[in-house]
Amino acid sequence: MTRYLYLCSMQNKVLLIYTGGTIGMNRNPQTGALEPFDFEHLLQNVPELGQFDTNIATYQFVPPIDSSDMTPRLWTDLSHVIADRYDEFDGFVVLHGTDTMAYTASALSYMLENLTKPVIFTGSQLPIGQLRTDGKENLITSIEIASAKDDKGRAMVPEVGIYFGGHLLRGNRTTKQSADEFNAFETFNYPHLVDAGVNIVYHQERMLTPDWQQPMKPHFRLDNNVIIFSLFPGVREDLIRHIIHTPNLRAIVMRTFGSGNAPQSPWLLKALKEGTQNGKVIVNISQCMQGKVEMGRYDTGFHLQEAGVVSGYDSTVESAVTKLMFLQSHYDDPEKVRALMNQSIRGEITL
């Protein structure tokens, strides 16, 4: 449902999309639990929106979605909302729960190819109606960034980002780092796109550069036959084999130690090799928050490479999973998926 709440007559137009999340919650006086309230109530808590030199329209998911319930189907719905209104607006701000925001932002970065306008995700750690809420600043600055243009009239941020705690981060590089702090997100392997203090500083050299002459190309298919598992000392052979030989499973994100290392157990390497020979794509992601997988650095990583495991470089888990979903929906050949996992298609890895 779209409502047009144009707040002034200026040219820039931003669509504010409310999916759900803490920013739009209210505390039930009887139970003390947080519950979603009507989007109009959220807007009433931010009268500052009336001061913008931007036209703001709103779209609300009904009912609001707890981000823990986010699914690929809802990512497709969100892509349709943006694609169907792409020519009508200069930018998009998506209000989303923090728990899976990095997954959704990563997915949308792949689903919106050649993005020439900002798609800014934000939310809050405290509901918008609470006195100490971080939601107002996050929302207001996100709208300002989403409507910002350069001297050529082009978007300052032509990509999917997450704005939180004074920083705009590349969506597919972001991980939630704290459940309690206002600075809830970080990109450990990529610098901030925008820093917002007294002034808003845009780091243009860090932005993606689209083909401005070509249209944005939306995608609406995802294949979620993928799983994540973490290695740990004492990991059991029968459980790993059970995962690798799961019917219909097409890809595995395997979280390894340090720079991409794993136990040199013969059974593990044999099981991984069986998986890759049977057409499964196994991507090596480090359990460390910062740094990258270098499979030739140590002997343990080299043996994984011999088993057909491909490097995820400095990808986040959220980005690797959603990239696999995207690629698998487009390519049946596992070799093609492996090749593209080793390429940066939306600025998601550093090569």
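The values are calculated or read from the model by the stated rules, or taken from the named source; none is laboratory data. Quick caveat, the model's predicted, so the values are computed rather than measured. Every residue, glycine among them, receives a Cβ derived from its backbone with ideal geometry; neighbour counts consider all protein chains shown. Heavy atoms of the whole protein, side chains included, go into the accessibility calculation; ligands, DNA and RNA do not. Shrake-Rupley method; radii C 1.70, N 1.55, O 1.52, S 1.80 Å.
Hey, any hits in segment 82-94 for a residue that's surrounded by fewer than 24 Cβ atoms within 10 Å (Cβ to Cβ) and of a type in the set (Phe, Trp, Tyr)? Yes, that holds for at least one residue.
Of all residues in segment 134-148, those that are of a type outside the set (Ser, Thr, Tyr) have Cβ atoms under 6 Å from Cβ atoms of residues that are in a helix (DSSP H, G or I) and crowded, with 24+ Cβ neighbours inside 10 Å, 6 or more apart or on another chain, in 135/23. Only a single criterion out of (1) in contact with a Lys or Arg (Cβ under 9 Å, 6 or more places away or on another chain); (2) in a helix (DSSP H, G or I) is not satisfied by residue 129, namely (2).
So, restricting to helices (runs of 4 or more DSSP H) that lie completely within segment 246-351, which ones have at least 3 residues that are crowded, with 18+ Cβ neighbours inside 10 Å, of a type outside the set (Ser, Thr, Tyr) and over 19 Å from the mean Cα position of the chain (by Cα)? Please lay out each step first, then the result.
Details: elements: 266-277, 299-306, 317-328, 334-341.
Result: 266-277, 299-306, 334-341.
Are any residues in segment 285-309 over 26 Å from residue 187 (Cβ atoms) and without any contact (Cβ under 8 Å) to a residue 12 or more places away in the chain, and if so, which ones? Listed by number, the residues that qualify are 302, 305.
Residue-wise test of (1) over 16 Å from the mean Cα position of the chain (by Cα); (2) not charged (D, E, K, R).
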| site | (1), (2) |
| --- | --- |
| 176 | no, no |
| 182 | yes, yes |
| 205 | yes, no |
| 224 | no, yes |
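For first residues located in segment 337-351 and over 13 Å from residue 312 (Cβ atoms), partners that are of a type in the set (Phe, Trp, Tyr) and assigned to a helix (DSSP H, G or I) and lie 6+ apart or on another chain with Cβ distances below 7 Å form the pairs 346/110. Give segment 48-107 a look and list any residue that's assigned to a loop (DSSP other than H, G, I, E, B), of a type in the set (Ser, Thr, Tyr) and in contact with a helix residue (DSSP H, G or I) (Cβ under 6 Å, 6 or more places away or on another chain), or say none. Listed by number, the list holds a single entry, 100. Against the test of being closer than 20 Å to residue 94 by Cβ, open to solvent by 70 Å² or more (accessible area, probe 1.4 Å) and under 21 Å from the mean Cα position of the chain (by Cα), the options 159, 144 yield a single qualifying residue, 144. The residue list 189, 224, 172 contains one member that is assigned to a loop (DSSP other than H, G, I, E, B), touching a residue at least 24 places away in the same chain (Cβ under 8 Å), closer than 16 Å to residue 321 by Cβ and not aromatic (Phe, Trp, Tyr), which is 224.
Within segment 95-138, being surrounded by fewer than 24 Cβ atoms within 10 Å (Cβ to Cβ) and of a type in the set (Val, Ile, Thr) holds for 98, 100, 116, 133.
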